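K.L.:
Would you mind keeping the following structure in view while I ask a few things?
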Amino acid sequence: MTSRRRFLASTAAAAAAAVLAPHVASAQAAAARVVVVGGGFAGTTCARTLRKLDPALSVTLVEANADFVACPFSNEVIAGLRDLKQQQFGYTTLARDGVTLAHSSATAVDPGGRTVTLENGTRLSFDRLVLAPGIDLRWDGLPGYTQDAAERMPHAWKAGAQTLLLRRQLEAMDDGGVVVMSAPANPFRCPPGPYERASLIAYYLKTKKPKSKLILLDAKDAFSKQRLFQSAWAALYPGLLEWVGLSAGGKVTSVEPSSLTFITDFARHKAAVANVIPPQKAARIAELAGVADRTGWCPVDPSTFESTLQSGIHVIGDAAIMGAMPKSAFAANAQAKACAAAVVARLAGQGVAEPRLINTCYSLVAPDYGISVAGVYRPTNGQLADIAGAGGVSPLDADAAFRAQEALYAQGWFKTITAEVFG
């Protein structure tokens with residue numbers, strides 16, 4: 001683990017130096033205008049990095065919300081281990097880096113005219129556009145599951161009010177009640193997220209409502225960090241957490257919100273508390289901009305993150321198709337920095353260095369039990385591909401002290417990335 005961390009740290013430093021350093025001294029686009037849509041980990045990082053690489057750039061960040069509510073660690077909020085306020089971050093420090101904040105939603109993009117129209121009627125011109133809009137839930141992706149249904153069967157996949165709703169439902173449930181979750185087929189935001197959530201809900205039940213149990217219905221037979229999760233479940237939550245994979249009839253085909261029932265090809269599962277994680281796609285503005293394909297996601301050049309469907313528009317973070325690189329906050333932050341370097345290079349008429357990108361994803365199985373997976377990626381055949389042997393996962397046979405240390409690493413990562421991105 002120690003050697004893997006050192007390798008990843010040295011690789012990250014080398015990649016950052018190789019990609020970013022040349023542009024700090026040589027960017028030429030003094031009057032260029034860059035608009036960034038979306039103020040999450042990807043968009044905010046990209047806006048700040050653009051200005052750091054070339055202080056002459058005019059950079060506008062478009063974000064409708066006054067505060068960003070982070071998804072990482074929101075599963076702790078659901079389990080009563082954390083306050084939602086610890087997930088909230090503002091944009092007041094953007095001006096320090098010379099970024100202009102437009103507090104509105106983007107409602108239209110004219111790729112040919114190089115303009116973005118905002119909900120308040122403002123029209124922003126751009127030389128380059130970066131879209132980091134995150135995801136939308138596919139309300140047509142699971143029969144019976146609608147926006148109204150989410151008030152009875154919360155998804156909690158966008159942190160905020162839904163997070164608190166699911167928490168309140170768990171608190172109100174009688175001891176002995178059954179919690180049922182559903183996880184969708186790939187791809188979706190945060191591949192380990194459903195399994196971390198199941199773990200922490202199981203921890204809540206074990207400590208607060210020990211007569212209850214959780215059933216996780218899954219549209220897949222394999223998932224991220226599977227052996228680590230299942231080993232932990234067997235040790236910590238025997239008889240309390242039941243995972244039902246695709247081949248065992250775990251794919252949910254429809255739901256009945258009125259009775260909190262999940263329907264599969266083989267059974268009906270009635271819940272006291274129901275958590276539906278539905279299929280997802282890139283947020284609506286990506287479709288309006290013409291950068292989303294039939295899958296609902298956005299294909300990009302893996303070296304520059306420029307859309308393969310619309311020139312001059314880049315897509316980063318959860319909305320984009322990234323090959324082997326998962327949709328995570330760490331990945332979004334890394335992509336944003338490489339994208340910013342590519343945008344500055346393109347505006348200056350320079351070539352773009354091939355990036356090396358890193359992702360590390362921590363998950364909590366219990367408050368003092370952490371596991372992780374890490375990968376290093378490079379552009380290969382039009383996508384980001386794993387560099388063989390460069391990543392790894394937590395050891396399966398680690399002791400309690402090691403797992404506790406991983407949990408501390410997770411906390412440290414969250415504090416570090418939010419401080420960097422939101423200042």
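All of the numbers you see were taken from the coordinates with simple rules; none came from a lab. It should be emphasised that the depicted structure is a prediction, and the values quoted were computed from it without experimental measurement. Backbone-built Cβ (ideal geometry, glycine too); neighbour counts: all protein chains shown.
K.L.:
Have a look at the DSSP beta bridges in the chain and tell me what percent are antiparallel, nearest 5. Kindly include the intermediate steps, with their values, before the conclusion.
P.N.:
Numbers: 37 of 68 bridges.
Antiparallel bridges make up about 55 percent of those DSSP assigns within the chain.
K.L.:
Quote the relative contact order of segment 149-280 in percent (integer), defining contacts as alpha-carbon pairs under 8 Å separated by 6+ residues.
P.N.:
On the way: 234 pairs, mean separation 46.4, N = 132.
For segment 149-280, the relative contact order is 35 percent.
K.L.:
May I pose another question? Quick one: among R346, R294, R403, which has the greatest mean-square fluctuation in a GNM of the chain with alpha-carbon springs under 10 angstrom?
P.N.:
The residue that fluctuates most here is R294.
K.L.:
Continuing with this model, one more query. Taking a virtual spin label 7 Å from the Cα of E171 along the C-beta vector, which residues in segment 266-284 bring their backbone nitrogen under 19 Å of it?
P.N.:
Only 272-275 fall inside the zone, counting backbone N under 19 Å.
K.L.:
Between segment 48-63 and segment 229-270, what is the separation of their alpha carbon centroids in Å?
P.N.:
46 Å
K.L.:
Additional query: Let me know the charge dipole size of the chain about its Cα centre in debye, to the nearest 20, where only the beta-carbon of Lys, Arg (+1) and Asp, Glu (-1) is charged.
P.N.:
On the way: 41 positive and 34 negative charges, 95 e Å.
Once rounded to the nearest 20, the dipole reads 460 debye.
K.L.:
Using a Gaussian network for the chain with springs between C-alpha atoms less than 10 Å apart, which of these wobbles most: I78, I263, I358?
P.N.:
I263
K.L.:
Test of understanding: in a Gaussian network model of the chain with alpha carbons linked when under 10 Å, which of A70, A400, A410 would top the mean-square fluctuation ranking?
P.N.:
A400
K.L.:
Once the piece of chain linking A248 and S231 is laid out straight, how much longer is it, given 0.36 nm per residue of separation minus the C-alpha distance between them? Please report the intermediate quantities before stating the final value.
P.N.:
Numbers: separation 17, 0.36 × 17 = 6.12 nm, distance 1.90 nm.
Gain on stretching A248 to S231: 4.2 nm.
K.L.:
In terms of modelled amide H atoms, which long-range or inter-chain residues lie less than 5 Å from the amide H of A108?
P.N.:
For A108, the qualifying residues are T117.
K.L.:
Another question, if that's okay. Based on alpha-carbon centroids, what's the gap between segment 157-174 and segment 321-373 in Å, whole number please?
P.N.:
30 Å
K.L.:
Counting alpha carbon pairs within less than 8 Å and at least 6 residues apart, what relative contact order, in whole percent, applies to the chain? All intermediate terms of the calculation are to be shown ahead of the outcome.
P.N.:
Working: 914 pairs, mean separation 81.3, N = 423.
Result for the chain is 19 percent.
K.L.:
Same structure, new question: Which lysines, if any, have their Cα less than 19 Å from the Cα of K52, not counting same-chain residues under 8 positions apart?
P.N.:
K337
K.L.:
If you line up the long axis of helix 329-347 against the longest principal axis of the chain, both from Cα atoms, how many degrees apart are they, to the nearest 10?
P.N.:
The helix 329-347 is inclined about 10 degrees to the chain.
K.L.:
Right, another one. Cβ under 13 Å from E171's Cβ, E171 left aside: what net charge do those residues give with Lys, Arg +1 and Asp, Glu -1?
P.N.:
Values: positive: R167, R168, K208, K209; negative: D174, D175.
Local charge sum for E171: +2.
K.L.:
If R₀ is 35 angstrom, what is the calculated FRET efficiency for the pair R284 and L408, using the beta carbon separation as r and rounding to 0.05? Let's see the in-between values first.
P.N.:
Working: r = 39 Å, r/R0 = 1.10.
E(calc), rounded to 0.05, equals 0.35.
K.L.:
I've got another one for you. Between R123 and R268, 0.36 nm times their residue separation minus their Cα-Cα distance comes to what? All intermediate terms of the calculation are to be shown ahead of the outcome.
P.N.:
On the way: separation 145, 0.36 × 145 = 52.20 nm, distance 5.03 nm.
Full extension of this stretch gives 47.2 nm more.
K.L.:
Can I ask one more? Can you run phi through the Karplus equation (6.51, -1.76, 1.60; θ = phi - 60°) for segment 139-152 and list ³J(HN,Hα) in whole Hz, with x for Gly and Pro?
P.N.:
Ordered by residue, 3J(HN,Hα) equals 5, 9, x, 9, x, x, 9, 10, 4, 5, 5, 5, 7, 9 Hz.
K.L.:
While we're looking at this one, here's another question. Loop only per DSSP, at most 12 neighbouring Cβ atoms within 10 Å: give me the chymotrypsin sites (Phe, Trp or Tyr not before Pro) in segment 326-399, ordered by residue number. Intermediate results must be reported in sequence, preceding the final value.
P.N.:
Details: sites: F330, Y362, Y369, Y377; in loops: none.
Taking segment 326-399 and a limit of 12 other Cβ atoms within 10 Å, no loop chymotrypsin sites (Phe, Trp or Tyr not before Pro) are found.
K.L.:
Dipole of the chain (Lys/Arg Cβ +1, Asp/Glu Cβ -1, origin at the Cα centre): which of A79, P302, A286 lies farthest to the positive side?
P.N.:
Of the listed residues, the answer is A79.
K.L.:
What does the charge add up to near P55, with Lys and Arg as +1, Asp and Glu as -1, over the other residues with Cβ less than 15 Å from its Cβ? Write down the numbers at each step before the final one.
P.N.:
Values: positive: R33, R48, R51, K52, R96; negative: D54, D97.
Combined, the nearby Lys, Arg, Asp and Glu give +3.
K.L.:
Using +1 at the Cβ of each Lys and Arg and -1 at the Cβ of each Asp and Glu in the chain, identify which of G317, V365, L131 lies farthest towards the dipole's positive end.
P.N.:
V365
K.L.:
A further question follows. Any chance you could list P(r) for segment 149-280, counting all Cα-Cα pairs in 5 angstrom bins from zero, rounded to whole %?
P.N.:
2, 11, 23, 25, 23, 14, 3, 0
K.L.:
Report, in degrees rounded to the nearest 10, the 0 to 90 angle that the Cα long axis of helix 400-422 makes with the longest principal axis of the chain.
P.N.:
Result, in degrees: 40.
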